[in-house]
Amino acid sequence: MARTEQAPLPQGAEKQLAVRAMFDAIAPRYDLVNRVMTFRMDVGWRRRAVRSLGLDAGDVVLDLACGTGDLCNDLAGAGLQPVGIDLSLGMLAHARTPAPLAQGDVLRLPVSDASADGVTCGFALRNFVELPAFFAELARVLHPGGRIALLDVAQPVNPILRAGHSVYFGRIVPRIGGLLSDPAAYRYLPKSVAYLPPPETMLEQLRSAGFDAVERRLLSAGITQLITGTRR
C-alpha cells in the first residue's frame, strides 16, 4: 500500500488562524494537560525563567502568549508587575490570574516603545508566524537593559534520551492530550517543533534584533530550552 504523505504545516495567515482556533478549543483543560504530560515539571521551568530575568521588584514584565496566566502568577509571586497578552480569547476567558490581560498579536503588540522592563514567553515560539519579526517587536517594547526569558521545547543531546523523548513526545503526549482534551491539537504539538529553526539561528536572530548576552540553557536533561538576553 502506498504511504500517505503527511499534510504540510500551515504557514502565514493560515497558521495564525489555525493556532488561534486550536488554543480556543483546548483552553478549558489546558492547565490539566500541561501538568499531566510534563509531570508538573512545567512549574519549575516557569519559575526558572522568572529567576533568569534578574529584575527588581515592581518592574513591568509582558508575558506573551500568556494563556491562562501561569507565568503571570509566577511573575507576580516574584514581586514583578505582569501584563499578559494572548491571541486566543478562549485562553484569556479561562485565565486564572489577577494580572491585567489583553488580546493581541505578538507581531503588533499594543504597547508603547521602550515601555517594559522584561518579557517572558512560555512554549509559544513555534506557534508564531515569523520569529525574526517577533524578536524585533521584543526589542521595540523593551527599554535598553530590559531582559527576555523565552521557554520552548527542545531535544536532548544524549542520543538515548533523545530517542526516549521522541517516543514520548511523538506518541504518548498526543494520546494523553486526546484523552483529556482535543485530539487534533495534541497531534499538532509534536509536529509543530518543525517550525523552530536551529538553536544557533534563533540566537543569531536575537542578536540581530538588538539583544546582547544571549544564552540558551537546556533544562530537565534537554527536553526544554530557556533562551535569555538583554536589550542592547
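The values are calculated or read from the model by the stated rules, or taken from the named source; none is laboratory data. This is a predicted model, so every value here is computed, not measured. Note that we place each Cβ from the backbone using ideal geometry, even for glycine, and neighbour counts take in every protein chain shown. For accessibility, only protein heavy atoms count, side chains too; no ligands or nucleic acids. Shrake-Rupley method; radii C 1.70, N 1.55, O 1.52, S 1.80 Å.
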Exercise for the section: Calculate the dipole size of region 107-161 relative to its Cα centre from +1 charges on Lys and Arg beta carbons and -1 charges on Asp and Glu beta carbons; express the result in debye to the nearest 20. Expected result: 40
Exercise for the section: Would you be so kind as to identify which of Val36, Leu89, Ile227 lies farthest towards the positive end of the dipole of the chain, taking Lys and Arg as +1 and Asp and Glu as -1 on Cβ and the Cα centre as origin? Expected result: Val36
Exercise for the section: Report relative contact order for the chain in percent, whole number only (criteria: Cα-Cα under 8 Å, sequence separation at least 6). Expected result: 20
Handout entry: Solvent-accessible area of Ile172 with every protein chain in place, 1.4 Å probe, in Å² to the nearest 10
Key = 60
Practice task
Could you work out how far helix 12-26 tilts from the main Cα principal axis of the chain, as a 0 to 90 degree angle to the nearest 10?
Solution key: 80
Practice task
Would you mind working out the magnitude of the charge dipole of the chain relative to its Cα centre, with +1 at each Lys and Arg C-beta and -1 at each Asp and Glu C-beta, to the nearest 20 Debye?
Solution key: 740
Practice task
Would you work out what percent of the accessible area of region 124-232, with all protein chains in place, is carbon or sulfur (probe 1.4 Å)?
Solution key: 59
Exercise for the section: Please work out whether region 1-139 counts as rounded, prolate or oblate from its C-alpha gyration tensor, where a ≥ b ≥ c are the square roots of the eigenvalues and a/c under 1.5 means rounded, while otherwise a/b larger than b/c means prolate and anything else oblate? Expected result: prolate
Exercise for the section: Sort His165, His143 from largest to smallest accessible area, using a 1.4 Å probe on the heavy atoms of the protein chains. Expected result: His143, His165
Completion exercise
Under the helix-only model (-39500 (n - 2.57) for each DSSP H run of 4 or more, divided by the residues of the chain), the mean residue ellipticity at 222 nm, to 500 deg cm²/dmol, is -12500 deg cm²/dmol
Exercise for the section: Whole number in Å², please: accessible area per residue of region 23-150, 1.4 Å probe, ligands, DNA and RNA not counted. Expected result: 40
Completion exercise
P(r) of the chain over all Cα-Cα pairs, 10 Å bins starting at 0, rounded to whole percent, reads 8, 33, 39, 17, 2, 0, 0
Problem - Highest to lowest packing among 145-154, 215-224, scored as the average C-beta count within 10 Å - result: 145-154, 215-224
Problem - Placed amide H near Gly146: partners under 5 Å, 5+ positions off or other chain - result: Arg231
Fill in the blank from the handout: If N is the residue count of region 55-97, its Cα Rg over 2.2 N^0.38 Å rounds to 1.11
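Can you pull the semi-axes for region 65-187, root of five times each eigenvalue of the Cα gyration tensor, sorted largest first, whole Å?
Output for region 65-187: semi-axes of 29, 18, 14 Å.
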Completion exercise
If the chain between Glu130 and Arg108 were fully extended at 0.36 nm per residue, the gain over the current Cα-Cα distance would be 6.7 nm
Problem - Options Pro10, Tyr186, Gly118, ranked by Cα towards positive dipole end of the chain, top entry (Cβ charges) - result: Tyr186
Fill in the blank from the handout: Computed about the Cα centre, the charge dipole of region 131-232 from +1 Lys/Arg and -1 Asp/Glu charges at the Cβ has a magnitude in debye, to the nearest 20, of 140
